[in-house]
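Undergrad: The structure's right below; bear with me while I get my questions together.
The values are calculated or read from the model by the stated rules, or taken from the named source; none is laboratory data. The model shown is predicted, which means the values in this text are computed figures rather than measured ones. Quick reminder, even Gly has a Cβ in these numbers, built from the backbone with ideal geometry, and neighbours come from all protein chains shown. Just the protein is used for accessible areas: all its heavy atoms, side chains included, with ligands, DNA and RNA removed. Shrake-Rupley method; radii C 1.70, N 1.55, O 1.52, S 1.80 Å.
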Amino acid sequence: MDVMVHPIKTPGPASAAAAAAAPDSAKIIARSVNVYYGDKHALKDVSVDIPERAVTAFIGPSGCGKSTFLRCINRMNDTIPIARVTGEIRIDDLDIYDSSLDVVQLRARVGMVFQKPNPFPKSVYENVAYGPRIHGHARSKAELEEIVETSLKKAGLWEEVKDRLSDSGTGLSGGQQQRLCIARAIAVSPEVILMDEPCSALDPIATARIEELIDELRANYTIIIVTHSMQQAARVSQRTAFFHLGVLVEEGPTETIFTNPSDKRTLDYITGRFG
Amino acid sequence: MTDQHILKAFDEDLRELSSRLAEMGGLAERLVADSVDALVKRDVLMAQRVIAADDQVDALQRDIEEKAILTITRRQPMAIDLREIVSALRIANDLERVGDLAKNTAKRVLALDGEYQAQKQLRGVKHMADMVLQRLKQVLDAYGARDAERAMDVWRRDGEVDAMYTSLFRELLTYMMEDPRHITLCIHLLFAAKNIERIGDHATNIAETIYYLVVGEVLTEERPKLDTTSITKVSLPR
């Protein structure tokens, strides 16, 4: 009896999944940043690179230092008398804690959007026109009008407010007010936009609009968002940094942080196991 | 890992899912053992019991699927929790198929009623079934213990079952050539052997799922394959 058995060739092990991409170019570089509020050591030795034209999410429990760190990036902590910041933060090649630096100029480069929408008690138009006007970005009324229109369009608000530009900004809905604040931030042509829980006061529909907007904006801006919603961080960001007790525990591609984080503290936090 | 959530109800959800799956695993294992027993002993009653009991496996699968979906909706799980649930879904699918395959073997016992009995031919099938059952048991234990290493041991040895199936295939072909009266029996035994071989494949699937569950990465390595029946030739005896 002849028996012919041809062994099937088994291919070798497939190449390991491509290594998670590191940020190609860092827009913001922080090295050994410490923040003290009086005696309280609020942020401990944070070093991180924030990639350009991408969304980085800061997550962590309340009081973990994420907002404190965010506020270092446009020197908002300067407004708190007992706050003291050490270490180094660079945006491109600019040392933002250089004593000769003009903080007003810095804040034009680094815009900020807060938790509660805080439009000025002025017209929709004035809310957006104010920044470019004081920074002298527009040489004529027509140019200013154009900046206002473009900014409102970029913030996805133009269609809703173009016929009511002289109405008060505070009369808009919560979600519209937040987009107005984003338009106001964009109007001075920043490179970086900091967002401190921008959706926590909004309903799910307004939140979805803002998230959609963030996704569009990242083509042109470096965005950092502080959020308490893990799902939001997972949805909108490309990189995520987890803070705990003033320490930056882990930073990496969002996908990795939410599927297979390397630090147990991160895992406990994202899965809701924090004691 | 399924305890210590801030939300106790979440722990409860995951525990429930895990225990349902353990129940399903135990049941599937028993169906496989009973179907082979029924085949070896030509026990029609036992075969009928296996056929009826497969409904329970199917029901458990639907139950697990429903619970898993509900848990995802309610808890929006992340990382290990999400893997727990996805793994439960995948393993339940594999076990459901294992139940179906055992049922198919049992049906063949009914078809063979009154046919010529051949202990010699059965021995090979039984031996292969014992090996697969041991794999199934080990992989289910590995799931219970969340033990990736034990699971990978099953995964690495999948080739042995394939090799045994290939040799059984050849053996049965030869019997059929020797005496055409054996054809009905041998064809049924061949399908039973194929069922068992595929149960082995499902055990290997489960091993891969356990690896994913524990390690957090999908196994990209090609599994060891030794099933060469699709290219096996046996020439006619002269």
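Undergrad: Of A:155, A:97, A:254, whose Cα points farthest to the positive end of the dipole of chain A (charges on the beta-carbon: +1 Lys, Arg; -1 Asp, Glu; origin at the Cα centre)?
TA: Toward the positive end, the furthest listed residue is A:97.
Undergrad: Semi-axes of the equivalent ellipsoid for region B:100-218, please: Cα gyration tensor eigenvalues, times 5, square-rooted, ordered largest first, whole Å. Show your work: numbers first, answer last.
TA: Numbers: eigenvalues 214, 36, 19 Å².
One finds semi-axes of 33, 13, 10 Å for region B:100-218.
Undergrad: Average the reciprocal distances over every distinct pair of alpha-carbons in region A:141-275, invert the result, and give the Kirkwood radius in Å. It would help to have the intermediate numbers written out before the result.
TA: On the way: mean 1/r = 0.0608 Å⁻¹.
Evaluated on region A:141-275, it is 16.4 Å.
Undergrad: Let me ask another. Per residue of B:214-222, how many C-beta atoms from partner chains lie within 10 Å of its own C-beta, taken as a mean? Intermediate values should be presented prior to the final figure.
TA: Numbers: counts 0, 1, 6, 4, 1, 2, 5, 5, 5.
Per-residue shielding by partner chains comes out at 3.
Undergrad: Okay, next question. When the accessible area of region B:3-215 is computed with all protein chains present and a 1.4 Å probe, what percentage of it is carbon and sulfur? If you can, show how the numbers build up before the last one.
TA: Values: 4730 of 8920 Å².
Answer for region B:3-215 is 53 percent, counting heavy atoms of protein chains only.
Undergrad: Relative to the longest principal axis of chain B, what angle (0 to 90°, nearest 10) does the C-alpha long axis of helix B:8-41 take?
TA: Tilt relative to chain B: about 10 degrees.
Undergrad: Subtracting the Cα-Cα distance from 0.36 nm times the residue separation, let me have the gained length for residue A:93 to residue A:37 in nm, one decimal.
TA: 17.4 nm
Undergrad: What nm value, rounded to one decimal, do you get for the distance between residue B:44 and residue B:174 when each label is placed 7 Å out toward the C-beta?
TA: Between residue B:44 and residue B:174, the simple spin-label model gives 3.3 nm.
Undergrad: A follow-up question, please. So with the 1.4 Å probe, I'd like the accessible area per residue for region B:3-215, rounded to whole Å². Mind showing how you got there, number by number?
TA: Numbers: 8920 Å² over 213 residues.
Result: 42 Å² of accessible area for each residue.
Undergrad: Leaving out ligands, DNA and RNA, what percent of the accessible area of region A:176-244 is carbon and sulfur, probe 1.4 Å? Walk me through the numbers before you get to the answer.
TA: Numbers: 1000 of 2150 Å².
Reported share for carbon and sulfur atoms: 47 percent.
Undergrad: Based on the Cα coordinates of region A:69-174, what is the per residue volume of their convex hull in Å³?
TA: Values: hull volume 14.8 nm³, N = 106.
Residue-normalised Cα hull volume stands at 139 Å³.
Undergrad: Under a point-charge model restricted to the Cβ atoms of Lys and Arg (+1) and Asp and Glu (-1), what is the dipole moment magnitude of chain B relative to its Cα centre, in debye to the nearest 20?
TA: Taking the Cα centre of chain B as origin, the dipole is about 760 debye.
Undergrad: I'd like to compare A:61-73, A:142-154, B:87-99: which one has the highest average count of other Cβ atoms within 10 Å, and what's the full order after that? Don't jump to the answer; show the numbers that get you there.
TA: On the way: A:61-73: 20.5, A:142-154: 17.5, B:87-99: 22.8.
Highest to lowest by the protection proxy: B:87-99, A:61-73, A:142-154.
Undergrad: On a 0 to 90° scale, report how tilted helix A:124-134 is relative to the longest principal axis of chain A, with both axes built from alpha carbons and the result rounded to the nearest 10.
TA: 90
Undergrad: If you scale each eigenvalue of the Cα gyration tensor by 5 and take the root, what three semi-axes come out for region B:3-215, rounded to whole angstrom and sorted largest first?
TA: Values: eigenvalues 273, 65, 24 Å².
With the √(5λ) rule applied to region B:3-215, the semi-axes are 37, 18, 11 Å.
Undergrad: State in Å² the accessible area per residue of region A:24-270; use a 1.4 Å probe, count heavy atoms of protein chains only, and round to the nearest integer. Provide the component values of the computation, followed by the final result.
TA: Numbers: 10790 Å² over 247 residues.
Result: 44 Å² of accessible area for each residue.
Undergrad: Binning at 10 Å from 0, report for region A:123-180 what percent of all alpha-carbon pair distances ends up in each bin.
TA: 25, 57, 18, 0
Undergrad: Mind telling me which of A:90, A:184, A:139 comes out most flexible in a GNM of chain A, alpha-carbon contacts under 10 Å?
TA: Maximum fluctuation in the GNM of chain A, among the listed residues, is at A:139.
Undergrad: May I ask you to find the residues of region B:42-86 that are shielded by at least 10 Å² of accessible area once the whole protein assembly is considered instead of their isolated chain (probe 1.4 Å)?
TA: Buried-area filter returns B:76, B:78, B:79, B:80, B:81, B:83.
Undergrad: Of the options B:105, B:163, B:131, report the single residue whose Cα projects farthest towards the positive end of the charge dipole of region B:84-192 (beta-carbon charges: Lys, Arg +1; Asp, Glu -1).
TA: With unit charges placed on the Cβ atoms, the residue in question is B:105.
Undergrad: If you split all Cα-Cα distances of the protein assembly as shown into 10 Å bins from zero, what percentages do you get per bin, shortest first?
TA: 4, 15, 19, 17, 13, 11, 9, 7, 4, 1, 0
Undergrad: Let me ask something else. Give me the net charge of residue A:106's neighbourhood, meaning all other residues with Cβ under 15 Å from the Cβ of residue A:106; Lys, Arg count +1, Asp, Glu -1. Don't skip to the end; give the middle numbers.
TA: Values: positive: A:27, A:71, A:75, A:90, A:107, A:109; negative: A:78, A:88, A:92, A:93, A:95, A:98, A:102, A:191.
Local net charge: -2.
Undergrad: Sticking with this one: Using the Cα centre of region A:86-217 as origin and beta-carbon charges of +1 (Lys, Arg) and -1 (Asp, Glu), tell me which of A:187, A:217, A:207 is placed farthest towards the positive end of the dipole.
TA: A:187
Undergrad: If I build a Gaussian network model for chain A, linking alpha-carbon pairs within less than 10 angstrom, which residue out of A:232, A:177, A:105 has the largest mean-square fluctuation?
TA: A:105
Undergrad: How many partner chain Cβ atoms sit within 10 Å of a residue's Cβ in peptide A:256-264, on average, as a whole number?
TA: Working: counts 2, 2, 3, 7, 6, 4, 1, 0, 0.
Neighbouring Cβ atoms belonging to other protein chains average 3 per residue here.
Undergrad: For chain B, take the longest principal axis of its alpha carbons; what is the angle in degrees between that and the long axis of helix B:158-178, to the nearest 10 within 0 to 90?
TA: In chain B, helix B:158-178 runs at an angle near 20 degrees to the longest axis.
Undergrad: Also: Interface size between chain B and chain A, please: total buried accessible area, 1.4 Å probe, rounded to the nearest 100 Å². Mind showing how you got there, number by number?
TA: On the way: alone 11790 and 14140 Å², together 23740 Å².
Chains B and A together bury roughly 2200 Å² of accessible area.
Undergrad: To continue, here is another question. Among B:137/B:225; A:40/A:116; B:8/B:137; B:41/B:233; A:122/A:162; A:27/A:154, which pairs are too far apart, with a Cα-Cα distance over 19 Å?
TA: Details: B:137/B:225 21 Å; A:40/A:116 26 Å; B:8/B:137 31 Å; B:41/B:233 31 Å; A:122/A:162 16 Å; A:27/A:154 22 Å.
In this structure, B:137/B:225; A:40/A:116; B:8/B:137; B:41/B:233; A:27/A:154 exceed 19 Å between Cα atoms.
Undergrad: Give the calculated FRET efficiency between residue B:15 and residue A:247 to the nearest 0.05, with a Förster radius of 41 Å applied to their Cβ-Cβ distance.
TA: The formula returns an efficiency of 0.80 here.
Undergrad: What does the charge dipole of chain A about its Cα centre add up to, to the nearest 20 debye, if the Cβ of each Lys and Arg holds +1 and the Cβ of each Asp and Glu holds -1? Don't skip to the end; give the middle numbers.
TA: Details: 31 positive and 35 negative charges, 99 e Å.
So the dipole magnitude of chain A works out to roughly 480 debye.
Undergrad: Rounded to the nearest angstrom and ordered from largest down, what semi-axes does the equivalent ellipsoid of region A:24-270 get from its C-alpha gyration tensor (root of 5λ)?
TA: Values: eigenvalues 183, 90, 49 Å².
Calculated on Cα positions only, the semi-axes equal 30, 21, 16 Å.
Undergrad: Suppose the chain between residue B:65 and residue B:120 were pulled fully straight at 0.36 nm per residue; how much longer would it get relative to their current alpha carbon spacing?
TA: Numbers: separation 55, 0.36 × 55 = 19.80 nm, distance 4.23 nm.
Gain on stretching residue B:65 to residue B:120: 15.6 nm.
Undergrad: Then there is this: What is the spin-label model distance, in nm, from residue A:62 to residue A:205 if the labels are put 7 Å beyond Cα along the C-beta direction?
TA: 2.9
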